[in-house]
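Structure, as C-alpha cells:
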Amino acid sequence: MCIAAPAQIVEIDREENMLFADFGGARQKAKMDLLPDVEIGDYVLIHAGYAIEKLSEEAAKESLEAWEELLEVLEEEDREMEKARMAHLESLENQ
C-alpha cells in the first residue's frame, strides 16, 4: 500500500515539468503533469512520483501533524521492540 505524502514545493523546473518539495527535511522530486499551475511555497500531495493534489496551507499542516504523530508512535514502538530484543538476548546469555 502506498500513501500520498504532503510536501511544500521548494523548487520548480518547468522545462522538465518537475518540482522539488520538502517533506520533513527530505527533498522529494515529482512530476507536475497533473498540477501544471503550482508555485513555489504551495503544498501538494505526492504519490508514486507525481504531485497529485494541491492542498491549502491549513489542510497541509493538519496532514503534516498527523504524519508527525504517526512517526512518533512508530519510533516508540521501535524503542520498545529494541528493549524487548535486548532483554531476550540477555536472558539467553544468562542461561
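The values are calculated or read from the model by the stated rules, or taken from the named source; none is laboratory data. None of the values given here were measured: they were computed from a predicted structure. Heads up, the Cβs are rebuilt from the backbone with ideal geometry, glycines too, and the neighbour counts pull from every protein chain shown. Protein only, heavy atoms only, side chains kept; ligands, DNA and RNA dropped before computing areas. Shrake-Rupley method; radii C 1.70, N 1.55, O 1.52, S 1.80 Å.
Here are the numbers:
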read-out	value
Residue satisfying all of: in segment 1-59; assigned to a strand (DSSP E or B), acidic (Asp, Glu) and touching a residue at least 12 places away in the same chain (Cβ under 8 Å); nearest to Leu71 (Cα to Cα) among these	Asp22
Test: residue in segment 71-91 that is at negative phi, open to solvent by 60 Å² or more (accessible area, probe 1.4 Å), at pLDDT below 90 and under 20 Å from the mean Cα position of the chain (by Cα)	yes
In segment 44-70, the residues that are exposed (fewer than 14 other Cβ atoms within 10 Å of the Cβ), farther than 16 Å from Asp13 by Cβ and under 15 Å from the mean Cα position of the chain (by Cα)	Ala48, Lys61, Glu62, Glu65, Ala66, Glu68, Glu69, Leu70
Selection status of Gly41, at pLDDT below 95, surrounded by fewer than 16 Cβ atoms within 10 Å (Cβ to Cβ) and at positive phi	no
